[in-house]
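Notes follow once the structure below has been shown.
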Amino acid sequence: MSHALLSRLLSRRTALAALSALAAGPLMLPAQAYPDRPITVVVPFPPGGASDSTARLIAAKMPETLGQSVVIDNRPGANGATGAQHVKNSPADGYTLLVGSIGVFAINPALNPALGYDPKTDFDLITVAVRTPNVLVATPSFPANSVKELVDYLKKNPDKVTFASSGVGSSDHLTAALFWQKTGTSGIHVPYKGGGPAIGDLIAGHADVSFQNLGSVANHIKAGKLKVLGVTAAARNPVLPDVPTMKEAGVDGLDVYSWQAAAAPKGLPADVKAKVVKAYAAGLAAPDVKAKFNEMGFEVVANTPEEFAAFQKAEEARWREVVKAGNIVTQ
């Protein structure tokens with residue numbers, strides 16, 4: 001083979017190799033480290049409720065850990081099931097997260113066999129962020145000023161007092177049902193599409209009473225916009241130290257805590273999940289965030305994914321028994 005022919009062959013091979021490398025180049029670029037764009041936290045309730053407040057307080061701190069902005073997307077409906085299903089069906093890439101309530105993670109699965117999602121298999125559970133007892137509140141003009149007066153009023157006016165809740169199957173709904181069972185009374189359950197609208201109607205006088213999360217109504221109570229009768233905790237809460245527990249008020253067996261937790265679509269890459277867990281832990285540990293939660297009546301929990309999984313399983317079993325005993329259905 002002549003020297004000229006060999007040179008042409010080598011040049012041709014070099015050109016082909018260069019073209020191949022150029023074509024393959026974009027496919028061989030390293031993936032961008034998570035996160036490289038804004039993150040969305042879905043809140044499956046309207047603005048103004050406990051899940052929304054929790055999500056926004058933590059989201060404000062997450063950019064310090066993740067280096068990206070975090071936006072809140074309120075998707076209410078079906079006691080949180082609508083937003084939860086949206087997150088279930090989202091890519092498991094860490095860019096769509098969920099902050100929801102006890103209803104989303106424990107009561108919905110116990111209440112509805114055709115729910116459309118299962119927290120145990122459809123989500124990567126991140127952390128239980130906070131918990132808070134429920135408080136029995138009334139619109140300021142309501143005649144009763146204590147739990148005893150409410151019980152007496154209900155017995156004299158059966159099925160006339162409206163009990164607002166954040167939705168069918170919410171902790172405030174089931175707490176009301178337990179209250180009726182424990183006191184031998186009854187009322188009219190009025191479900192709303194989230195805690196915010198329910199609280200708004202209580203303040204406006206369009207509903208009578210409700211078992212709302214302390215964290216959602218503490219400021220309204222302090223401002224005199226709502227009247228508080230009792231708290232569903234084992235001990236008095238430091239936010240409302242003068243308010244009796246339900247047991248002190250004469251109704252035993254009504255210790256109920258609501259809680260808010262974070263999750264993601266099932267199957268997050270290990271490194272992405274680690275970063276998400278770290279971001280939530282850092283946000284919840286921030287002194288100003290903890291102080292704000294405590295001021296609102298929330299206790300920071302901030303447990304691990306493994307602890308959350310065990311807790312979720314126990315809570316679902318507990319509420320399944322409550323639903324069965326009360327013969328509570330979604331319709």
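The values are calculated or read from the model by the stated rules, or taken from the named source; none is laboratory data. Bear in mind the structure is a predicted one, so any value in this text is a computation, not a measurement. Note that each Cβ is placed from the backbone with ideal geometry, even for glycine, and that neighbours are counted across all protein chains shown. These accessible areas exclude ligands, DNA and RNA; they are computed on the full protein's heavy atoms, side chains included. Shrake-Rupley method; radii C 1.70, N 1.55, O 1.52, S 1.80 Å.
Below, the figures for the structure above:
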{"quantity": "Residues (within 19 Å of T132 (Cβ to Cβ) and touching a residue at least 40 places away in the same chain (Cβ under 8 Å)) located in segment 271-292", "calculated": "Y280, G283, L284, A286, V289, K292"}
{"quantity": "Whichever residue in segment 179-212 is part of a helix (DSSP H, G or I) and under 18 Å from the mean Cα position of the chain (by Cα) and, among such residues, is modelled with the lowest pLDDT", "calculated": "G195"}
{"quantity": "Segment 254-269 - residue that is under 22 Å from L57 (Cα atoms) and at pLDDT 95 or above and, of those, surrounded by the fewest Cβ atoms within 10 Å (Cβ to Cβ)", "calculated": "P265"}
{"quantity": "Residue among A21, A60 that is farther than 14 Å from G94 by Cα, modelled with pLDDT of 50 or more and not hydroxyl-bearing (S, T, Y)", "calculated": "A60"}
{"quantity": "Criterion (in contact with a strand residue (DSSP E or B) (Cβ under 8 Å, 6 or more places away or on another chain), farther than 27 Å from I221 by Cα and not hydrophobic (A, V, I, L, M, F, W, C)) met by exactly one of D159, D122, D118", "calculated": "D122"}
{"quantity": "Strands (runs of 3 or more DSSP E) lying entirely in segment 70-152 (those with 3 or more residues that are crowded, with 20+ Cβ neighbours inside 10 Å)", "calculated": "96-101, 123-138"}
{"quantity": "One residue from V99, V71, V43 being of a type in the set (A, V, I, L, M, F, W, C) and either farther than 25 Å from N294 by Cβ or more than 13 Å from the chain's Cα centre (by Cα) (or both)", "calculated": "V71"}
{"quantity": "Residue, nearest to A55 (Cα to Cα), within segment 213-243, restricted to residues that are open to solvent by less than 40 Å² (accessible area, probe 1.4 Å) and part of a loop (DSSP other than H, G, I, E, B)", "calculated": "V239"}
{"quantity": "Which numbered condition A207 fails, given (1) over 30 Å from A302 (Cβ atoms); (2) open to solvent by 10 Å² or more (accessible area, probe 1.4 Å); (3) in contact (Cβ under 8 Å) with a residue 40 or more places away in the chain", "calculated": "(2)"}
{"quantity": "Residue satisfying all of: in segment 46-65; open to solvent by 20 Å² or more (accessible area, probe 1.4 Å) and of a type in the set (A, V, I, L, M); farthest from the chain's Cα centre (by Cα) among these", "calculated": "A60"}
{"quantity": "Considering residues of segment 302-320 that are surrounded by 11 or more Cβ atoms within 10 Å (Cβ to Cβ) and among the acidic types (D, E) only, the residue nearest to G283 (Cα to Cα)", "calculated": "E307"}
